[in-house]
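Colleague: Here it is: the structure, laid out below.
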Amino acid sequence: MDRLENNKYSPSSYKADERYLLTSKLMCCDCGALMVGEGGTSHSGKVYHYYKCVSDKKKHGCRRKSVRKNAIEELVMRKTVQSVFECNAMDSLVKHLMMWQAKENTAVSMQKP
Ligand SMILES: [Zn+2]
């Protein structure tokens, strides 16, 4: 079996079809390493998606348990929306969006047809 064929069955092959929203944003609370998305199939054939500590994955000592993808993404989304609406972040967000929009309009008007 060549390497390409072998990779077809590795956990990372599930990444192609699944979007891991917290990639490069989620860090292990035990060791501080990034947590990366992975997928796997149980003995019953059910596919699971989760985030795993890179240090654990590379056998560098961390024993942090993996976290279910759906659970952690839903929690982060809920907390993010909550914080935007609870502290006056919406005013700041609108101000910044208006500034970015103004910059974009300027850039478009400077383009020659
Ligand atoms: Zn870790």
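What follows is calculated from the coordinates using simple rules that are stated; it is not laboratory data. All of these numbers come straight from a predicted model, not from anything done at the bench.
Colleague: Pull out the extension gain between Y48 and R63, defined as 0.36 nm times the separation in residues minus the alpha carbon to alpha carbon distance; nm, one decimal. Write out the running numbers ahead of the final one.
Modeller: Numbers: separation 15, 0.36 × 15 = 5.40 nm, distance 1.94 nm.
In short, 3.5 nm is gained.
Colleague: Using amide H atoms built in the peptide plane, which far-off residues or other-chain residues are under 5 Å from Y48 H to H?
Modeller: It is G40, T41, S42, by chain and number.
Colleague: Longer than 22 Å from Cα to Cα, which of K25/K57; K69/K95; K25/K58; K79/K103; K25/K65 are they? Say none if no pair is. Write out the running numbers ahead of the final one.
Modeller: Details: K25/K57 17 Å; K69/K95 33 Å; K25/K58 19 Å; K79/K103 30 Å; K25/K65 17 Å.
Violating the 22 Å limit, Cα to Cα: K69/K95; K79/K103.
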